Amino acid sequence: MVMVALGAGTALVVVLFAVLALATGQAIWWLAVVIYLVLSLPADWVLWRAVQPPVLKSDGTTVNYKSGFRSLSIAVADLGVVYLGRYAVRGGYSAGVKSYVFAGQDGKVTFATPAMWFRDEDMQAFAERLNVPMRGDFSQRVTNSVPA
C-alpha cells in the first residue's frame, strides 16, 4: 500500500512537470523532472524499506530475520531458546520492548523481534518446528543474554 502511494505521488509530480514543459515549451521543466526523479526514487525506496514489517523465516538449517536494512541469521543447531522478554538495546536504560528474543546455546542474544509483529500461536508453532524451547512471559528485561 505504501509503495502504491509513493509511486502514485511520484507519477503525479512527473506528469505535472511534463505538462508544464509541454505547455510552456521550456526545456527547464524536463530538467526538473530528471532532478526530481534522481532525488525522489532513492528516497521512496529508503522509506519503503523502513516501513516494511520484519520477516522471520527458516529453511530448516538457519533462522533468518530481516527488518528494514538489517538482516541477521543463526544456525538452528546454535539456537538455544526463544525467550519472551522485554528487550532493551545494550546499554539502554529503558524498560525494554516486548519481544521474542532468539538466543544461542550459551544464552547470548542473537536478535530480537518486537512481539507486536507476530501472533503468540504463530511464534509457538515456529519454535516447535525448529525444536527450540520457548521460555519467559514478557516480564523480564533482556539485554545481552537471556535469564537462566
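Looking for whichever is at pLDDT 85 or above and surrounded by fewer than 14 Cβ atoms within 10 Å (Cβ to Cβ) here; the options are 77, 11. Which one fits? Explain how you work it out, then say what you get.
Values: 11 fails: at pLDDT 85 or above.
Within the list 77, 11, the selection yields 77.
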Selection status of residue 116, surrounded by fewer than 17 Cβ atoms within 10 Å (Cβ to Cβ), more than 30 Å from residue 5 (Cα to Cα) and at pLDDT 90 or above | no
If you take the residues in region 126-137 that are of a type in the set (A, V, I, L, M, F, W, C) and more than 21 Å from the chain's Cα centre (by Cα), which one is farthest from residue 100 (Cα to Cα)?
-> 130
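A quick yes/no check of all residues on (1) within 21 Å of the chain's Cα centre (by Cα); (2) part of a helix (DSSP H, G or I):
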{"position": "10", "(1), (2)": "no, yes"}
{"position": "17", "(1), (2)": "no, yes"}
{"position": "33", "(1), (2)": "no, yes"}
{"position": "38", "(1), (2)": "no, yes"}
{"position": "46", "(1), (2)": "yes, yes"}
{"position": "72", "(1), (2)": "yes, no"}
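Every residue, every condition in (1) under 30 Å from residue 5 (Cα atoms); (2) at pLDDT 90 or above, yes or no:
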site	(1), (2)
41	yes, no
57	yes, yes
81	no, yes
126	no, yes
Within the group 118, 111, which residue is under 20 Å from residue 59 (Cβ atoms) and out of contact with any Lys or Arg (no Cβ under 9 Å at 6 or more places or on another chain)?
-> 118
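Only one residue in 138, 102 is surrounded by 14 or more Cβ atoms within 10 Å (Cβ to Cβ), out of contact with any helix residue (DSSP H, G or I) (no Cβ under 9 Å at 6 or more places or on another chain) and more than 30 Å from residue 7 (Cβ to Cβ), so which one is that?
The unique qualifying residue is 102.
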Here the residues within region 20-31 that are farther than 23 Å from residue 44 by Cα and assigned to a helix (DSSP H, G or I) are 20, 21, 22, 23, 24, 28
Restricting the first residue to region 124-148 and requiring it to be in a helix (DSSP H, G or I), which pairs with a second residue that is not hydrophobic (A, V, I, L, M, F, W, C) meet a Cβ separation below 8 Å and a spacing of at least six or different chains?
-> 126/58; 127/133; 129/58; 130/58
Of the candidates 146, 82, the one satisfying the condition of being surrounded by 15 or more Cβ atoms within 10 Å (Cβ to Cβ), over 17 Å from residue 55 (Cβ atoms) and not charged (D, E, K, R) is 146
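The values are calculated or read from the model by the stated rules, or taken from the named source; none is laboratory data. Keep in mind that this is a model prediction, so the values were computed, not measured. So basically every Cβ, Gly included, is an ideal-geometry build from the backbone, and we count neighbours across all protein chains shown.
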